[in-house]
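So the structure is just underneath, and the comments pick up after that.
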Amino acid sequence: MFPNQIKAAVQSWLKQVYGKQSSIITEYPAGGGSINQALRLKTTSGDFFIKYNSRSKYPEMFSTEKKGLQLLDTTQSLIIPKVKDQQDTADYSYLLLEWMDSAAAGASSWEDAGHKLALLHQHSAPQFGLNYDNYIGSLPQVNTPESDWINFLIIARLEPLMKQAFDAKLLNRTDYSDFEKLSAALSHLIPVEKPALLHGDLWSGNFMITPAGPCVIDPAVYYGHREMDIGMTRLFGGFSTAFYEAYNSMYPLEKQWEQRIELNQLYPLLVHVNLFGSGYVAGVRSIFKRYT
């Protein structure tokens, strides 16, 4: 059921932007992941995508996502849905985006996507992190800037989620001991690189081919090590070999990058442990075993 608070706010926005005769015709369920409610809105002024959630439970979730989408859009690399509106009502927050149609992916589409991601990753910053915090899924993501990637990875990414999973009894003391061993070894495992602008949650469900080219949605942006995005693309499959070949032709990854794929999947796996439970613990333990 589309909440009346949001419906009224969107109706008001439509009239302000497109004129007094503009209105919502109907709404359809749309794929929006497991975190938010998502709809396709058919209006007299075109179709839009909207997602919404509790304002009090997830404060600033959509205002920070709006900023992330707009930051990605400034790079003129991958296609980013245009933000149309973002508002908070009494009980909800919502994000209204242009509707993106999907298209079939061919070899040239994957090559284009690899080139475009390489372009995105060439946008850098003086430090790792970001000047505001955001979310990954429904988990807060702290982005306090840090000059050293390994310190940032441990302090801002891995350690908070390890503690959360340990407190929830999803991970045990042996897991935590293995994590500490891995933390001590990270500087020898991960090559030094400059900060790269990351999508931050680049699994296949957040990537689509549109008639205009490759598009990404639902970002968790920050400046980080670019192998984090690469690792995420391999976590749940779906990306073609042509994608990685095209990426490397434009912005070659450091040697043995494929041997670090699982290592760079530790953060998203810990996210999944904390969001969805023990089904992802075996993946975390496999990484500890492999790299320690």
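Computed values, structure above
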{"item": "Scan of region 178-200 for residues that are under 17 Å from Gly224 (Cα atoms), in contact with a helix residue (DSSP H, G or I) (Cβ under 7 Å, 6 or more places away or on another chain) and surrounded by 19 or more Cβ atoms within 10 Å (Cβ to Cβ), ordered by number", "result": "Ala196, Leu197, Leu198, His199"}
{"item": "Which numbered condition Ser124 misses (of (1) in contact with a Leu (Cβ under 9 Å, 6 or more places away or on another chain); (2) surrounded by fewer than 19 Cβ atoms within 10 Å (Cβ to Cβ); (3) farther than 18 Å from Asp73 by Cα; (4) not aliphatic (A, V, I, L, M))", "result": "(3)"}
{"item": "Criterion (within 19 Å of the chain's Cα centre (by Cα), part of a helix (DSSP H, G or I) and small (Gly, Ala, Ser)) met by exactly one of Gly205, Gly237, Gly279, Gly283", "result": "Gly205"}
{"item": "Those residues of region 184-202 which are closer than 21 Å to Trp257 by Cβ and more than 21 Å from the chain's Cα centre (by Cα), in sequence order", "result": "Ala185, Leu186, Ser187, His188, Leu189, Ile190, Pro191, Val192"}
{"item": "Output for region 152-181, where each listed residue is touching a residue at least 24 places away in the same chain (Cβ under 8 Å) and among the hydrophobic types (A, V, I, L, M, F, W, C)", "result": "Phe152, Leu153, Ile154, Ala156, Leu158, Leu161, Met162, Ala165, Ala168, Leu170, Leu171, Phe179"}
{"item": "Residues (closer than 24 Å to Leu139 by Cα, hydrophobic (A, V, I, L, M, F, W, C) and not in a helix (DSSP H, G or I)) located in region 3-39", "result": "Ala30, Ile35, Ala38, Leu39"}
{"item": "Filtered residue count, region 239-292, keeping only those that are among the hydrophobic types (A, V, I, L, M, F, W, C) and in contact with a strand residue (DSSP E or B) (Cβ under 7 Å, 6 or more places away or on another chain)", "result": "2"}
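Every number in this text was worked out from the coordinates using simple rules, so none of it is lab data. Note that the structure is a prediction, hence the values are computed from the model and not measured. Neighbour counts run over all protein chains shown; Cβ positions are idealised from the backbone, glycine included.
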